[in-house]
1. Taking Thr318 and the conditions (1) surrounded by fewer than 23 Cβ atoms within 10 Å (Cβ to Cβ); (2) in contact with a Leu (Cβ under 6 Å, 6 or more places away or on another chain), which numbered condition does it fall short on, given that it satisfies the others?
2. So if I check each of Glu97, Glu133, which one is of a type in the set (Asp, Glu) and over 24 Å from Phe51 (Cα atoms)?
3. Would you please name the residue that is nearest to Arg218 (Cα to Cα), looking only at residues in segment 415-433 that are in a helix (DSSP H, G or I) and free of Cβ contacts under 8 Å to residues at least 40 places away in the same chain?
4. For the structure I just gave you, tell me whether Trp99 is within 18 Å of Gly210 (Cβ to Cβ), out of contact with any helix residue (DSSP H, G or I) (no Cβ under 9 Å at 6 or more places or on another chain) and in a helix (DSSP H, G or I).
5. Of these, Leu134, Leu155, Leu138, which one is on the phi < 0 side of the Ramachandran plot and at pLDDT 80 or above?
6. Tell me yes or no: at least one residue of segment 234-244 is of a type outside the set (S, T, N, Q), within 15 Å of Gly60 (Cα to Cα) and either in the same structural domain as Leu452 (by TED's automatic domain parsing) or touching a His at 6+ places or on another chain (Cβ under 7 Å) (or both).
7. Is it the case that Ala74 is modelled with pLDDT of 90 or more, buried (at least 23 other Cβ atoms within 10 Å of the Cβ) and assigned by TED's automatic domain parsing to the domain that holds Ser48?
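The values are calculated or read from the model by the stated rules, or taken from the named source; none is laboratory data. None of these values were measured; they are calculated from a predicted model. All Cβ positions, glycine included, derive from the backbone under ideal geometry; neighbour counts span all protein chains shown.
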Amino acid sequence: MSAPSPRRWTALALIALAQFIVIMDTSIIGVALPRIQEDLGFTQESLSWVFNAYVVAFGGLLLLGGRLSDLFGARRLFAAGWLILLAGSLVAGVAPEVWVELTGRAVQGVGAALIAPSALTLLMMLFGHDPRELTKALALYGAAAPAGGTAGVFLGGVITEYLSWPWVFYINIPIALLALLTTGPLMPAAQTQRGSIDITGALTVTAGLGAAVYAIVRAPEIGWDSPQTWLVLAAAVVLLGAFVAIQARRREPLMRLSIFRTPDLAAANLTQLLLGGAWIPMWFFLNLYLQQVLGYSAFPSGAALLPMTVLIMLGMITIAPRAINRFGPKTTTITGLILLAAGMAWLSLISPDGSFTADVLPASLVAALGMSLAFIPSLGTAISSARPEEGGLASGIVNTSYQVGSALGLAAMTAVAAANGAAQLGNLPALTSGFSSAFIGASAIALAGALLAAATLRTRRTAQPAAADETATSRT
């Protein structure tokens with residue numbers, strides 16, 4: 001095995017920054033949404049597509065990103081992803097109308113789909129030599145994800161308040177340029193592999209996911225009994241079924257279906273899917289409650305969620321690793337999901353004349369602690385369960401699980417909120433009722449994740465990344 005890179009901790013800073021940015025880009029638009037809606041003409045129901053255009057492209061193409069990382073090398077894909085993210089950010093910032101904005105967001109998602117799995121693969125290459133170092137690296141990497149999501153709200157508030165909403169996209173440009181300049185010197189080169197690229201599989205899974213999200217988001221507006229709703233849902237089922245069939249037949253599939261027979265891998269990925277499906281709707285509707293009901297402007301709305309950011313970072317870096325070492329990943333994951341469910345159930349008690357200190361702060365801190373405890377052990381279990389030569393695929397799958405859960409969870413909770421009054425702008429009781437219903441739904445998703453983890457995850461003291469040593473050896 002080759003010696004550890006002396007620059008591995010500096011490289012980890014760039015990897016964590018990458019994870020921070022790709023997740024931040026899901027949330028930094030949150031505070032800016034009302035301004036984007038006003039300037040470009042989005043409806044209340046279609047506004048969630050500023051989020052979903054990014055997440056559908058991101059989640060739908062992550063498997064392809066993981067496969068390309070294995071074939072062409074993680075370092076190359078990492079750099080390519082930053083270049084595409086830069087281009088999408090520029091388009092989204094200059095967008096004069098709805099379709100251009102959504103195109104830019106989708107291009108950003110494509111870039112993120114290349115960055116995320118290659119970043120996780122690079123982390124495994126750099127730290128796979130020592131399970132203790134890998135645990136620390138994963139804690140820092142994991143903290144970057146929800147911290148990026150929550151910090152994005154604060155940054156979005158600052159930018160929207162003191163600059164203008166296009167700058168929530170332009171902020172990516174200098175960061176992408178910095179990443180492109182430093183990737184070569186910091187990141188290890190990997191041996192490329194021979195193999196084919198399953199473009200058909202990538203297109204069917206992305207189209208299927210997009211159709212499912214579109215049908216769920218549109219259903220409250222056109223009706224769940226509308227033929228259009230069920231035709232689009234049927235198309236989504238057919239496309240996703242075709243993806244599974246293609247994977248089963250291809251000699252070199254985008255996703256080897258038998259990988260899910262690996263102990264704990266399927267369970268950990270389902271946990272990540274439900275975790276994303278609970279967390280993202282909570283963030284989305286909490287931000288709308290602060291602005292549209294409590295009347296916060298952009299900057300105070302972003303600042304209101306800073307306590308969550310601080311607690312998540314502390315929780316992931318200090319509390320979660322200690323809990324995993326003492327109680328094991330299964331117990332820590334279940335505890336985190338239960339706390340997340342409790343925090344969102346508490347948030348559902350919001351009122352039209354509520355306040356930040358009474359209605360938001362304590363409940364959001366409970367939810368944040370739950371997120372910090374659930375994310376790290378489920379992520380570590382998912383990526384440590386795969387074979388060494390499928391590190392990119394495992395990274396792509398776990399990132400896909402979280403992003404698909406985020407997109408479907410937000411789509412479903414958008415439908416729930418709209419059905420319970422959230423489409424009635426200016427009607428504070430109706431808006432509050434809709435947002436409260438979304439929090440209850442998200443809480444149920446988190447509770448389902450806890451029950452699933454209890455039933456399917458194996459009881460282990462630590463999520464030892466047994467494959468990591470071989471991964472680092474074979475790729476450096």
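1. Only one criterion in (1) surrounded by fewer than 23 Cβ atoms within 10 Å (Cβ to Cβ); (2) in contact with a Leu (Cβ under 6 Å, 6 or more places away or on another chain) is unmet by Thr318, namely (2).
2. Glu133
3. Taking segment 415-433 and keeping what is in a helix (DSSP H, G or I), we get 415-422, 428-433.
Imposing the further condition that a residue be free of Cβ contacts under 8 Å to residues at least 40 places away in the same chain reduces the set to 416, 420-421, 430, 433.
Numbers: Val416: 12, Asn420: 15, Gly421: 15, Ala430: 19, Ser433: 20 Å.
It comes out as Val416.
4. Against the criterion (within 18 Å of Gly210 (Cβ to Cβ), out of contact with any helix residue (DSSP H, G or I) (no Cβ under 9 Å at 6 or more places or on another chain) and in a helix (DSSP H, G or I)), Trp99 qualifies.
5. Matching residue, one of Leu134, Leu155, Leu138: Leu155.
6. No.
7. no
Yes/no per residue for (1) in contact with a Gly (Cβ under 7 Å, 6 or more places away or on another chain); (2) modelled with pLDDT under 85; (3) closer than 18 Å to Ala363 by Cβ:
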| position | (1), (2), (3) |
| --- | --- |
| Leu270 | no, no, no |
| Leu274 | yes, no, no |
| Phe284 | yes, yes, yes |
| Ala298 | yes, yes, no |
| Ala320 | no, no, no |
| Leu337 | yes, no, yes |
